[in-house]
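Below is one structure, written out as structure tokens; comments come after it.
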Amino acid sequence: MGTIKLARGTPWTDRLFDIFVYVFILFVTVITLYPFLNVLAISLNDSIDSVRGGITIYPRQFTLKNYETIFAFSGLMTGLKISILRTVIGTLLGLISASMLAFTLSRVDFQGRKFVSTFLALTMYVSGGLIPFYILIKDLHMMGTFAVYVLPGLVSAFNVFVIRSFIDGIPYALQESAKLDGANDFTIYWRVILPLTKPALATIALFIAVGQWNSWIDTYLYNGSKDHLTTLQYELMKVIQSTTTNVDSFRGKNLTEMIAQVSPESIKMAITIVVTVPILVVYPFLQKYFVKGMTLGAVKS
């Protein structure tokens, strides 16, 4: 009885397949980068010229007038400082809180783990709504304070479950060995668990940081009248509203002329670049951890 041999691809078919793969990857890259490059081009193009349309991936009449208008806004630097502070502090405290709770729930000797896990899961599906939450913030005397940016969302059930899933994949024997060496629970958490959960922590850090950086509704609701607690996103929202109407919010001698030379559409594009670039700068440093962290729990042994 003869044997059946699998046909191998001929060199020209291999080359054809490689060409198809390269073309497909190039196509995906183009459709991914084009929207961002188009926004960047419009933000760097003359506002009056942009009204004509036809801007692709490079500015037709280069200018920085749109960015000059944004950074001339009086509260922008204060908003930038507060946004950086809330992002850094909120991310650090959120990571510590979520990882501590996740470590506790991962312990098999914690008798209340099922009750706490169920309680946390319910918070993902049941909410009191905006008005009760507003009343709660007011009763807690967090109105007009920096704490309103950090404390209300300090612990997220989703973040806790992601980190706990990663910790569950770490051999429990490591914790038992540390106990035999005299380590207490906090030492195990700090010197054993945290170093081994860097992928999960980096993933959650990116989620928290992006959420803190992009948030503006809490500023609008709780600190809208506090100029020293304003955030970058809230100020940029006010820039759009003030581009053609509120001259008093800008600094300089030729403010009326400056505002007349820009359009809301160009300002929106420039604002998009301003709020996106910081995240783009941070993401490459977390990417290697982010990919691994997102796939945790995908395969069960």
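Our coupling estimate for the stretch 196-211, obtained by passing each phi through the Karplus curve with A = 6.51, B = -1.76, C = 1.60 and θ = phi - 60°, is 8, 10, 4, x, 5, 5, 5, 4, 5, 4, 5, 4, 5, 4, 5, x Hz, Gly and Pro reported as x.
What shape does the stretch 1-145 have by the C-alpha gyration tensor, where a ≥ b ≥ c are the square roots of the eigenvalues, rounded means a/c under 1.5, and otherwise prolate means a/b greater than b/c and oblate the rest? Cα axes put the stretch 1-145 in the oblate bin.
Pairs of lysine residues in the stretch 65-299 that meet both criteria, 8 or more places apart or on different chains and Cα atoms under 25 Å apart, total 19. Pull out a ≥ b ≥ c, the square roots of the eigenvalues of the alpha-carbon gyration tensor of the stretch 92-149, then state rounded if a/c is under 1.5, prolate if not and a/b is larger than b/c, and oblate in the remaining case. Oblate is the answer for the stretch 92-149, as a/c is 1.5 or above yet b/c matches or exceeds a/b.
Dividing the mean sequence gap of close Cα pairs (under 8 Å, 6+ apart) by how many residues the stretch 17-64 holds gives a relative contact order of 35 percent. Relative intensity of the stretch 65-299 on a log10 scale, I(q)/I(0) at q = 0.08, 0.09, 0.12 Å⁻¹, equals -0.41, -0.50, -0.80, per a Debye sum over C-alpha point scatterers of equal strength in the absence of solvent. Shape verdict for the stretch 12-62, please, from the Cα gyration tensor: rounded (a/c under 1.5), prolate (a/b greater than b/c) or oblate. It is prolate, given that a/c is not under 1.5 and a/b is the larger ratio. When you work out D = kT/(6 pi eta Rh) for the stretch 178-222 at 37 °C and 0.692 mPa s, using the Kirkwood radius from C-alpha pairs as Rh and the Stokes-Einstein form, the result is 252 µm²/s. Surface analysis of the chain yields an accessible area of 62 Å² per residue, using protein heavy atoms and a 1.4 Å probe. Database remark: amide H of N45 closer than 5 angstrom to the amide H of T63 (H placed geometrically; neighbours at sequence offset of 5 or more, or on other chains; Pro and chain starts carry no H).
When you restrict to C-alpha pairs under 8 Å that are six or more residues apart and normalise by the size of the stretch 65-299, the relative contact order lands at 37 percent. Sorting 199-209, 98-108 by average packing, meaning the other beta carbons within 10 Å per residue, from highest down gives 199-209, 98-108. Share of pairwise Cα-Cα distances greater than 26 Å in the stretch 117-248 is 45 percent (whole percent).
In order along the stretch 63-71, phi translates into HN-Hα couplings of 7, 10, 4, 5, 6, 4, 5, 5, 6 Hz, rounded to whole numbers, per the Karplus curve 6.51 cos²θ - 1.76 cosθ + 1.60 with θ = phi - 60° and x for Gly and Pro.
The values are calculated or read from the model by the stated rules, or taken from the named source; none is laboratory data. The model shown is predicted, which means the values in this text are computed figures rather than measured ones. Methodologically, a virtual Cβ is constructed for each residue, glycine included, from the backbone with ideal geometry; neighbour enumeration extends over all protein chains shown. For the accessible areas, the whole protein counts, side chains as well, though only heavy atoms, and no ligand, DNA or RNA atoms are used. Shrake-Rupley method; radii C 1.70, N 1.55, O 1.52, S 1.80 Å.
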